[in-house]
Amino acid sequence: MSIAKRRLSPEASRNMALAAARDLLIETGPQSVTLKAVAARIGRTHANLLHHFGSASGLQKALAAYLSDEVCGMIAQAIMKSRSGEGCARDIVDLTFDAFDKQGAAALWSWMMLTGNEDALDPIVEAIHTLVDDVGEDGHKDREMHEDTLTLVLMALGDALIGERLSGSLGLTRTSARDIAERQLEDGIDRLESEQTG
């Protein structure tokens, strides 16, 4: 018996649908993330997905939250590794940039804004806010961490949307935005370390 035909818990069924939606997003873009397409991908009915998500915009909002939690978890691990000396600033930059580019977060954000589903961005913004509060040295009061995060996210988003064409037209390498983000993040880490030892 295939996994799609087995009786799954509501949470397992929902997670399977979100994983399929993420795959569709990466493979064919945000316009393909529909209840019908996801249902077909996992061998469920349209009604089953309606029960879990309520509508296509509900599915997209849930997908945004799913991606955010996944990505923020990976970034938090990279930050902790960097602080313990096991990782580096480039790991954090690459994870963030890849989340927006290769994992489709930038395409999803743009699509939701164009289709008037802007409230679907709330889970992403909240996940990033929570990440910063969790890893910041002084929680929500760590203003420099907030500024570094804002810069990194905006750079990753912009790079995913127009980075290839813009860097090419300016005669820069494709990794230029990542290189700049890495230098800025390293400066922030150095500043934090000097404050702690000073």
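The values are calculated or read from the model by the stated rules, or taken from the named source; none is laboratory data. Computed from a predicted structure; not experimentally measured. Please note: Cβ atoms are built from the backbone with ideal geometry, for glycine as well, and neighbour counts cover all protein chains shown. With ligands, DNA and RNA removed, areas are computed over all heavy atoms of the protein, side chains included. Shrake-Rupley method; radii C 1.70, N 1.55, O 1.52, S 1.80 Å.
Some notes on this structure:
- Test result for residue 22, closer than 24 Å to residue 101 by Cβ and either of a type in the set (Val, Ile, Thr) or at pLDDT 85 or above (or both): yes
- The residue pairs whose first member lies in the stretch 168-188 and is among the small types (Gly, Ala, Ser), whose second member is assigned to a helix (DSSP H, G or I) and open to solvent by less than 30 Å² (accessible area, probe 1.4 Å), and whose beta carbons are closer than 7 Å, counting only pairs six or more residues apart or on different chains, are 176/167; 177/159; 177/163; 177/167; 181/93; 181/152.
- The set of residues in the stretch 144-193 being of a type outside the set (D, E, K, R), in contact with a helix residue (DSSP H, G or I) (Cβ under 9 Å, 6 or more places away or on another chain) and farther than 26 Å from residue 126 by Cβ consists of 166, 167, 170, 172, 173, 175, 176, 180.
- Qualifying residues in the stretch 29-66 (those that are among the charged types (D, E, K, R) and in contact (Cβ under 8 Å) with a residue 24 or more places away in the chain) - the one farthest from residue 113 (Cα to Cα): 44
- Criterion: buried (at least 19 other Cβ atoms within 10 Å of the Cβ) and either within 20 Å of residue 127 (Cβ to Cβ) or touching a residue at least 40 places away in the same chain (Cβ under 8 Å) (or both) - qualifying residue of 75, 26: 75
- Restricting 131, 154, 166 to those that are under 14 Å from the mean Cα position of the chain (by Cα) and either open to solvent by 40 Å² or more (accessible area, probe 1.4 Å) or at pLDDT below 75 (or both) reduces the list to 154.
- Screening the candidates 99, 89, 107 for the property of being open to solvent by 30 Å² or more (accessible area, probe 1.4 Å), modelled with pLDDT of 80 or more, touching a helix residue (DSSP H, G or I) at 6+ places or on another chain (Cβ under 6 Å) and of a type in the set (Gly, Ala, Ser) yields one hit, 107.
- Residue within the stretch 111-118 that is assigned to a helix (DSSP H, G or I), closer than 24 Å to residue 188 by Cα and of a type in the set (A, V, I, L, M) present: no
- None of 151, 130 is in a helix (DSSP H, G or I), more than 30 Å from residue 55 (Cα to Cα), touching a residue at least 12 places away in the same chain (Cβ under 8 Å) and hydroxyl-bearing (Ser, Thr, Tyr) except 151.
- Checking residue 113 against (1) over 24 Å from residue 31 (Cβ atoms); (2) at pLDDT 80 or above; (3) not small (Gly, Ala, Ser), the condition it does not meet: (1)
- Helices (runs of 4 or more DSSP H) completely within the stretch 3-107 that count 1 or more residues being closer than 20 Å to residue 181 by Cα and of a type in the set (A, V, I, L, M): 56-84, 89-100
- In the stretch 55-72, the residue that is nearest to residue 135 (Cα to Cα) out of those that are among the aliphatic types (A, V, I, L, M) and surrounded by 21 or more Cβ atoms within 10 Å (Cβ to Cβ) is 71.
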